[in-house]
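> Sharing a structure here in structure tokens format.
The values are calculated or read from the model by the stated rules, or taken from the named source; none is laboratory data. Nothing here was measured: the structure is a model prediction, and the numbers come from that model. Here the Cβ positions follow ideal geometry from the backbone for every residue, glycine too, while neighbour counts run over all protein chains shown.
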Amino acid sequence: MSFVVGLTGGIGSGKSTVADLFAELGITLVDADIVARQVVEPGTPGLEAIVEHFGTRVLQADGHLDRAALRQLVFSNESERLWLNALLHPLIREEMAHQLGAAQSPYVLWVVPLLIENGLYQDCDQVLVVDASPELQRQRVLARDKTADAEAIMARQLERNERLKHATQVLDNSGDLVQLKAQVQLLHRQYLSMAQQKRL
């Protein structure tokens, strides 16, 4: 099994930017959001089960899943939402486990927004929390999407101090990209060393 570094953080903390910097250093990423899309691509058992359950109204003209249409169907229907989660969560976990096991880099970065909430941090060798002040998080969320309800999203996520309690490392992303890169490079060297120790 690879040496696994779980990467998480609140919305607008800069997880994606941090993940990309690790990828630039040659580290394999297993990203829960990407995997969630992969398990419902055309031809997958996941998409076939969704179409069988909801009908072709959840498909776009090109055969891909129409996420907006699916969201509408499950948004106000708790039993449909639970059905969908029961289908997708095992598929996503299985695919993430496969990708983590197949990773060839010295360690692998497992990017999961709800790493702590879903208890997945227990499967990690290290837990890296990307942190920024709530004010900065709000600014970034609104800069990305003017219509986003930053407060509501942040309220649904784990409280900041609770998240930090689970961290083995905290990456402060309140500065500029130069400072961020320097922190990532330092952590990269630490993780290489830890992964080497685990292999011995």
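> Show the residue pairs meeting these rules: Cβ distance below 7 Å; 6+ apart or different chains; first residue within the range 131-148 and surrounded by 15 or more Cβ atoms within 10 Å (Cβ to Cβ); second residue among the acidic types (D, E).
D131/D172
> Against the condition in the same structural domain as L192 (by TED's automatic domain parsing) and assigned to a loop (DSSP other than H, G, I, E, B), how does S16 come out, does it pass?
Values: in the same structural domain as L192 (by TED's automatic domain parsing): yes; assigned to a loop (DSSP other than H, G, I, E, B): no.
So S16 does not fit the description; no.
> Also, quick follow-up: Scan the range 101-110 and tell me whether some residue there is in the same structural domain as T8 (by TED's automatic domain parsing) and in contact with a Cys (Cβ under 8 Å, 6 or more places away or on another chain).
Within the range 101-110, one or more residues are in the same structural domain as T8 (by TED's automatic domain parsing) and in contact with a Cys (Cβ under 8 Å, 6 or more places away or on another chain).
> So, S79, is that one part of a helix (DSSP H, G or I) and in the same structural domain as H166 (by TED's automatic domain parsing) or not? Please lay out each step first, then the result.
Details: part of a helix (DSSP H, G or I): yes; in the same structural domain as H166 (by TED's automatic domain parsing): no.
In short, no.
> Here is a further query. Residue under question is R163, and the condition is that it be among the basic types (K, R), assigned to a helix (DSSP H, G or I) and modelled with pLDDT under 95; does it hold? Please lay out each step first, then the result.
Numbers: among the basic types (K, R): yes; assigned to a helix (DSSP H, G or I): yes; modelled with pLDDT under 95: yes.
Yes: the conditions hold for R163.
Matching residues to (1) part of a helix (DSSP H, G or I); (2) surrounded by fewer than 17 Cβ atoms within 10 Å (Cβ to Cβ):
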{"site": "L29", "(1), (2)": "no, no"}
{"site": "D33", "(1), (2)": "yes, yes"}
{"site": "R37", "(1), (2)": "yes, yes"}
{"site": "E41", "(1), (2)": "no, yes"}
{"site": "A49", "(1), (2)": "yes, yes"}
{"site": "H53", "(1), (2)": "yes, yes"}
{"site": "R57", "(1), (2)": "yes, yes"}
{"site": "A61", "(1), (2)": "no, yes"}
{"site": "A68", "(1), (2)": "yes, yes"}
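> For L128, are the conditions met, namely being surrounded by 19 or more Cβ atoms within 10 Å (Cβ to Cβ) and assigned to a strand (DSSP E or B)? Write out each step before concluding.
Values: surrounded by 19 or more Cβ atoms within 10 Å (Cβ to Cβ): yes; assigned to a strand (DSSP E or B): yes.
The answer is yes for L128.
> So which of E117, E151 ends up being part of a loop (DSSP other than H, G, I, E, B), among the charged types (D, E, K, R) and either within 22 Å of S16 (Cβ to Cβ) or without any contact (Cβ under 8 Å) to a residue 12 or more places away in the chain (or both)? Outline the logic, then answer.
On the way: E151 fails: part of a loop (DSSP other than H, G, I, E, B).
The conditions single out E117.
> Do we have any residue at all in the range 89-96 that's assigned to a loop (DSSP other than H, G, I, E, B) and not acidic (D, E)? Explain how you work it out, then say what you get.
To start, the set of residues in the range 89-96 that are assigned to a loop (DSSP other than H, G, I, E, B) comprises none.
Checking the range 89-96: not a single residue is assigned to a loop (DSSP other than H, G, I, E, B) and not acidic (D, E).
> Here's another thing I want to ask about it. Show the residue pairs meeting these rules: Cβ distance below 8 Å; 6+ apart or different chains; first residue within the range 45-73 and under 16 Å from H89 (Cα atoms) and assigned by TED's automatic domain parsing to the domain that holds I92; second residue outside any helix (DSSP H, G or I) and at pLDDT 95 or above.
Short answer, once both residue conditions are applied: G46/V39; G46/V40; L47/V40; L47/E41; L47/L65; I50/V40; I50/L65.
> Criterion first (at pLDDT below 85 and either more than 16 Å from I11 (Cβ to Cβ) or touching an Asp or Glu at 6+ places or on another chain (Cβ under 9 Å) (or both)) does L158 satisfy it?
Against the criterion (at pLDDT below 85 and either more than 16 Å from I11 (Cβ to Cβ) or touching an Asp or Glu at 6+ places or on another chain (Cβ under 9 Å) (or both)), L158 qualifies.
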